[in-house]
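The values are calculated or read from the model by the stated rules, or taken from the named source; none is laboratory data. Since we're looking at a predicted model, the values are computed, not measured. We place every Cβ from the backbone using ideal geometry, glycine too, and count neighbours over all the protein chains shown. Keep in mind that these areas ignore ligands, DNA and RNA; they rest on the heavy atoms of the full protein, side chains included. Shrake-Rupley method; radii C 1.70, N 1.55, O 1.52, S 1.80 Å.
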Amino acid sequence: MQNTDPLHGKTLQSIVEYLVDYYGFETLGTLIKIKCFTENPSIKSSLTFLRKTDWARKKVEELYIDTITKK
C-alpha cells in the first residue's frame, strides 16, 4: 500500500527550504504571518521557531501541501 500523505518522508527543513525557494521569505511572511519569516529571516531561525510552535508548523505544512498540489 502506497503512502499518500504528501508529508511522508519530508523533514521540516526540506519543507521550509522548498517554500523559501518557491516563494521567498517576503511572500512567505505575507502568506503566513510569523516573525521568523518577516524579521531577519533565515532557514535556521525558522526551523528553531517552527519546531517549538505547533500552530505555526501546521500552517507551514498546510501551505506546502497546497503548493505541491497546485503544481
Report summary line: Note on the chain: C-alpha Rg/Rh, Kirkwood Rh, two decimals, gives 0.96
Report task. Taking 7 Å along the Cα-to-C-beta vector as the label spot, tell me the residue 58-residue 17 distance in nanometres, rounded to one decimal. Result -> 2.7
Report task. For n ≥ 4 DSSP H runs only, could you compute -39500 (n - 2.57) per run for the chain, divide by its residues and tell me the 222 nm figure to the nearest 500? Result -> -22500 deg cm²/dmol
**Report entry** Lysine-lysine proximity count for the chain, Cα under 22 Å, sequence distance 8 or more or distinct chains
**Finding:** 22
Query raised in the report: Got a number for carbon plus sulfur as a percent of the chain's accessible area, 1.4 Å probe?
Result: 50
